[in-house]
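Q: Below you'll find the structure I mean.
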Amino acid sequence: MASRQPRFNQQNLIDTTPLPEEIPKVKELGATSAPLLSASYFIGARCKAYNDDYMMCKTDANGRGELECLKEGRKVTRCAASVIDDINKHCLAEFRGHWQCLENYNHQLWNCRSAERKLNKCVFDNLKLEKTIPDTPKGETPVHLKKHMIFARNV
Amino acid sequence: MGVPFEALLPYGIMIGMFAFTGGALGQLRWMQNGRKRPRHGLDIWDQVMMQRDRRLTGFARGQTDKAEAPAGFELNNPWKVEYRFF
């Protein structure tokens, strides 16, 4: 009797069986939503090749690919973790300033441009990663470089 | 013939009471959000990211910038299941 753990929830099943041994291990990324959003463009700048690889693998697998793309997925995880790790090493104060601002302003990038400018400068100086917004029209200032955000609470 | 000030006292009381309750409820909501402004206009992506935040930190508004997740994080992702699986 009572060799089974009681489950009180009828919808959520938490299965603590670890992955089989033949699948190589990878440490999961530990950053939460606001730090990830703050670092997202730098993750994109460094890891574009890996991310594109993974997305191509998923596309080629035609809706499957959970097992087939594990190798690419591990590369994506490791690359993102390396970016977070480097930012933590070199620009921790600016990084925290930015993501705490984001967390306070509903994760709206346009409300935290001053903190973002400091972070972008620090990351560019130390890690040589630059924030670029993909598909910005030619000859137009990208939105993160504009001097004034019209509706922002803090410039 | 000005309005006597006694006529305006009830309005002062009403405005004061509304201001107090509004401020108190706002403060309560701020405290429930971990001493941060509440999130609003959340889409599905924001909601699943907040669930992930809860799995990482134990609190939906908790944040951490560590590069590596704590041990066991990869296994505490709940599956949504139907009754027949229990």
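Q: Please state which of the following conditions residue A:124 fails to meet, knowing it meets all the rest: (1) open to solvent by 30 Å² or more (accessible area, probe 1.4 Å); (2) within 14 Å of chain B (Cβ to nearest Cβ); (3) under 22 Å from residue B:66 (Cα atoms).
A: Exception for residue A:124: condition (2).
Q: Taking the condition open to solvent by less than 70 Å² (accessible area, probe 1.4 Å), not aliphatic (A, V, I, L, M) and not in a loop (DSSP other than H, G, I, E, B), does residue A:58 pass?
A: yes
Residue-wise test of (1) at the interface with chain A (Cβ under 7 Å from one of its Cβ atoms); (2) among the β-branched types (Val, Ile, Thr); (3) open to solvent by less than 40 Å² (accessible area, probe 1.4 Å).
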| residue | (1), (2), (3) |
| --- | --- |
| B:38 | no, no, yes |
| B:44 | no, yes, no |
| B:56 | yes, no, yes |
| B:61 | no, no, yes |
| B:65 | yes, no, yes |
| B:74 | yes, no, no |
| B:78 | yes, no, no |
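Q: A further question follows. If I filter segment A:29-43 for residues that are assigned to a loop (DSSP other than H, G, I, E, B), farther than 20 Å from residue B:56 by Cβ and open to solvent by less than 60 Å² (accessible area, probe 1.4 Å), do I get at least one hit?
A: No: segment A:29-43 contains no residue that is assigned to a loop (DSSP other than H, G, I, E, B), farther than 20 Å from residue B:56 by Cβ and open to solvent by less than 60 Å² (accessible area, probe 1.4 Å).
Q: Right, something else. Does segment A:38-45 contain any residue that is within 22 Å of residue A:109 (Cα to Cα) and over 11 Å from the mean Cα position of the chain (by Cα)?
A: Within segment A:38-45 (the criterion being within 22 Å of residue A:109 (Cα to Cα) and over 11 Å from the mean Cα position of the chain (by Cα)), the answer is yes, since at least one residue qualifies.
Q: So for segment A:98-107 (the condition being buried (at least 17 other Cβ atoms within 10 Å of the Cβ) and at positive phi), does at least one residue qualify?
A: yes
Q: Of all residues in segment B:16-69, which are under 24 Å from residue A:87 (Cα atoms) and assigned to a helix (DSSP H, G or I)?
A: Across segment B:16-69, the qualifying residues are B:46, B:49, B:50, B:52, B:53, B:54, B:55, B:56, B:57.
The values are calculated or read from the model by the stated rules, or taken from the named source; none is laboratory data. None of these values were measured; they are calculated from a predicted model. Neighbour counts are summed over all protein chains in view; Cβ atoms, including those assigned to glycine, are modelled from backbone coordinates with ideal geometry. In case anyone asks, the SASA skips ligands and DNA or RNA and just uses the protein heavy atoms, side chains included. Shrake-Rupley method; radii C 1.70, N 1.55, O 1.52, S 1.80 Å.
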